[in-house]
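Below is one structure, written out as structure tokens; the observations come after it.
The values are calculated or read from the model by the stated rules, or taken from the named source; none is laboratory data. This one's a predicted model, so the numbers in the text were calculated from it and none came from an experiment. Heads up, the Cβs are rebuilt from the backbone with ideal geometry, glycines too, and the neighbour counts pull from every protein chain shown.
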Amino acid sequence: MCLKMMVGKNTQQASYPVRFMTTKKYEEVSGVTQQRVWNYIKIGKWIAGVHYIKEGRRIYVDVMQAEKWILDQSQPKRRKKV
């Protein structure tokens with residue numbers, strides 16, 4: 001699995017060995033803290049079954065969808081001219 005990640009103005013390939021990771025492992029490989037993941041879920045920015053799955057008390061981050069969401073957030077929004 002290869003994902004494109006934006007770093008500054010450069011785009012690089014990132015590869016992860018699995019599609020789903022615990023929040024702790026996701027923090028280690030991506031730098032997105034567990035608290036940040038929980039906040040995304042709590043305020044509804046990440047959707048269950050899309051960005052993460054919950055099994056019992058554990059949350060597993062869908063790495064592909066999470067990275068895609070992060071990249072979408074970094075894209076500048078176009079303003080409509082009035």
Is there any pair linking a residue in region 70-82 that is closer than 17 Å to VAL37 by Cα to one that is in a loop (DSSP other than H, G, I, E, B) and modelled with pLDDT of 70 or more, with Cβ under 9 Å and at least six apart or on different chains, and which?
ILE70/VAL32; GLN73/LYS45
Exactly one condition in (1) modelled with pLDDT of 95 or more; (2) not in a helix (DSSP H, G or I) is not met by ASN39; state its number.
(2)
Please determine whether any residue of region 18-36 is assigned to a loop (DSSP other than H, G, I, E, B), among the basic types (Lys, Arg) and touching a residue at least 12 places away in the same chain (Cβ under 8 Å).
yes
The lone condition CYS2 fails out of (1) in contact with a strand residue (DSSP E or B) (Cβ under 8 Å, 6 or more places away or on another chain); (2) at pLDDT 90 or above is (2)
Applying the selection to region 42-74, what residues are aromatic (Phe, Trp, Tyr) and at pLDDT 95 or above?
TRP46, TYR52, TYR60
Residue that is surrounded by the most Cβ atoms within 10 Å (Cβ to Cβ) [pool: residues in region 33-56 that are of a type in the set (D, E, K, R) and under 24 Å from PRO17 (Cβ atoms)]
ARG36
Considering every residue within region 12-32, establish whether at least one is surrounded by 16 or more Cβ atoms within 10 Å (Cβ to Cβ), among the acidic types (Asp, Glu) and at pLDDT below 95.
no
